[in-house]
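Step one of this worksheet: look at the structure below.
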Amino acid sequence: MHDDDLDQARALHGALREAFAAHRGGTADAEAQRKVNLLCDAALRAMHDLETRVAIRSVQKYSLLLFSDDGHQEWAQGSMSGADFIRLKILNALALLRARLARLELKRASDEAGDDPAGTRRP
């Protein structure tokens, strides 16, 4: 776990949130997709933790639907458009990523401090 770059991953998480704030989706947008792919690929290089990688891959997969002309249409839910539903899925994945990074950070800080509140570490 300690070869993960948490600082880089946090910065990339922020950049991904900004990318989705700047691009609403619902139509083909090759430039927005390219940017998201670059950010996701960089995040995958920075992190080797499985949960983190699953969240990043989800963002990347859903962005393909969001930044297309019709890939999101079948995802419509009642009065919510498919693009809005996919956007929600992306924001949920980004929230999971943020939470996982926070947990990893706490674990790393605890490991570095030598804390063992549960008494599970053996001498």
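The condition of being more than 27 Å from ASP5 (Cα to Cα), buried (at least 17 other Cβ atoms within 10 Å of the Cβ) and touching a helix residue (DSSP H, G or I) at 6+ places or on another chain (Cβ under 9 Å) does not hold for LEU94.
LYS107 satisfies every condition listed in (1) touching a residue at least 60 places away in the same chain (Cβ under 8 Å); (2) surrounded by 14 or more Cβ atoms within 10 Å (Cβ to Cβ) except (2). Taking the conditions (1) closer than 30 Å to GLU112 by Cα; (2) touching a Gly at 6+ places or on another chain (Cβ under 7 Å); (3) of a type outside the set (D, E, K, R) in turn, LEU94 satisfies each one other than (2). Of all the residues in the range 87-104, those that are more than 22 Å from ASP70 (Cβ to Cβ) and not charged (D, E, K, R) number 9. Take the residues of the range 61-80 that are surrounded by 12 or more Cβ atoms within 10 Å (Cβ to Cβ) and touching a residue at least 24 places away in the same chain (Cβ under 8 Å): which is farthest from CYS40 (Cα to Cα)? Among those residues, the one meeting the criterion is HIS72. Name the pairs whose Cβ atoms lie under 8 Å apart, with the first residue in the range 6-25 and under 20 Å from GLU51 (Cβ atoms), the second small (Gly, Ala, Ser) and surrounded by fewer than 19 Cβ atoms within 10 Å (Cβ to Cβ), and 6 or more positions between them or separate chains? Qualifying pairs under 8 Å: GLN8/ALA42; LEU12/ALA42.
Filtered by the rule that a residue be among the acidic types (Asp, Glu) and more than 22 Å from ALA9 (Cβ to Cβ), the range 50-92 gives ASP69, ASP70, GLU74, ASP84.
We did not get these values from a lab; they are worked out from the coordinates using the rules stated. On a predicted model such as this, the values are computed, not experimentally measured, just so you know. Positions of Cβ are backbone-derived with ideal geometry, glycine not excepted, and every protein chain shown enters the neighbour counts.
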